[in-house]
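Only one structure is covered here, and it is reproduced in the block below.
Coordinate-derived values only; no laboratory data. All values reported here derive from a predicted model rather than from experimental measurement. Virtual Cβ from ideal backbone geometry, glycine too; neighbours counted across all protein chains shown.
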Amino acid sequence: MSEVLPRWARQVAAAELSVALPRRWTHSQGVAARATDLAHVLGDKADLLLAAAVLHDVGYAPRLATSGFHPVDGARFLRDAHGADERLVRLVANHSFALLEAEERGLRDVLEAEFPLLEDQRLVDALVYCDLTTTPDGARTTAEERVAEIVGRYGADSVVGRFIRRAEPEIFAGVARVESALAAQPR
C-alpha cells in the first residue's frame, strides 16, 4: 500500500474536521482504522479505500457545507480545491448509499449527474462496511447497532431516518459481502 494518498487524505481531513468537528473527526479516524483492516482484501485499492474512509465526512466541515448535503459538498471540495482522483471523489460523493438520501433531499439528479456511482462494487461495499460499523465516537460496532443509533439520533421521520431505513437492506447486504470476503482470506 502506498502511503502518499492516505497521508494526504488524513492531512486534508484533519485540517477540515479536527478543530471544527472533533467528534466527526474521531468517527472518520475510526472509519480509516476499519479500512486498514481491509487492506489485505483490497490489495492495490487499499490506499484508495483508506483515503475515502478518512475523507468521507469532510463535507460536514462548516466552511464546506454549501448544499446542505455533506457527500456532495465534500466531493466538490476534493474535486475543485484539490483536483483529487475521480474515483476518490466519486466514493466520497456516493458513500453509504448517499444516492438514496439525495433522493429524499431532492438532489438525486444532481448527485447522479455530477458524481456517477463507482462501478467497483467491492470498493463501494468496503466503504459502506467501514462507515457503518464505526460509531460516531470511532469505536467498532455492528451495522445493525449503527443503523439503530442513526435512527435514534436523527428520528425515524427525519430525512436521515427515512433514508437509512430505506438503505438498511443494502447496507446489511454490503456489510455481509465484506464480512464474507474477510472470512475467506487467510490472515
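One table, with the values for the structure above:
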item	result
Cβ-Cβ FRET estimate between residue 183 and residue 82, R0 fixed at 35 Å, reported to 0.05	0.45
Orientation-averaged projected area, Cα convex hull of the range 42-101 (nm²)	4.0
Packing rank of 38-51, 11-24, where each peptide gets the mean count of other beta carbons within 10 Å, highest leading	38-51, 11-24
Dipole axis of the range 1-94 (+1 Lys, Arg; -1 Asp, Glu on Cβ), positive-most option in 25, 92, 77	25
Rough spin-label spacing in nm, given labels placed 7 Å along Cα→Cβ, for residue 4 and residue 110	3.4
Net dipole in debye of the range 1-53 [+1 Lys, Arg Cβ; -1 Asp, Glu Cβ; about Cα centre; nearest 20]	220
The range 17-74 - convex hull of the alpha-carbon atoms, volume per residue in Å³	67
Relative contact order of the range 24-77, pairs being alpha-carbon contacts under 8 Å that are 6 or more residues apart, as %	28
Neighbour-limited loop hits for GluC sites (Glu not before Pro), the range 87-187 (at most 13 other Cβ within 10 Å; DSSP other than H, G, I, E, B)	119
Net charge dipole size for the range 69-157 [Lys, Arg +1 and Asp, Glu -1 on Cβ; Debye, nearest 20]	200
Per-residue ³J(HN,Hα) for the range 44-54, Karplus 6.51 cos²θ - 1.76 cosθ + 1.60, θ = phi - 60°, Hz, x for Gly and Pro	6, 9, 4, 5, 5, 4, 4, 5, 5, 4, 6
Percentage relative contact order, the chain, counting C-alpha pairs under 8 Å, at least six apart	21
Long-range HN-HN contacts of residue 134 with modeled amide H, under 5 Å	141
Simple spin-label estimate for residue 36 and residue 170 in nanometres, 7 Å along Cα-Cβ	3.0
Contour excess over end-to-end distance, with Cα ends at residue 20 and residue 159 and 0.36 nm allotted per residue	47.7 nm
Longest to shortest principal axis, alpha-carbon extents of the range 1-48, angstrom	33, 19, 9
Whole-number Å³ per residue for the convex hull built on Cα positions in the range 1-144	99
Student exercise, the range 1-137 dipole from Lys, Arg, Asp, Glu Cβ charges, in Debye to nearest 20	400
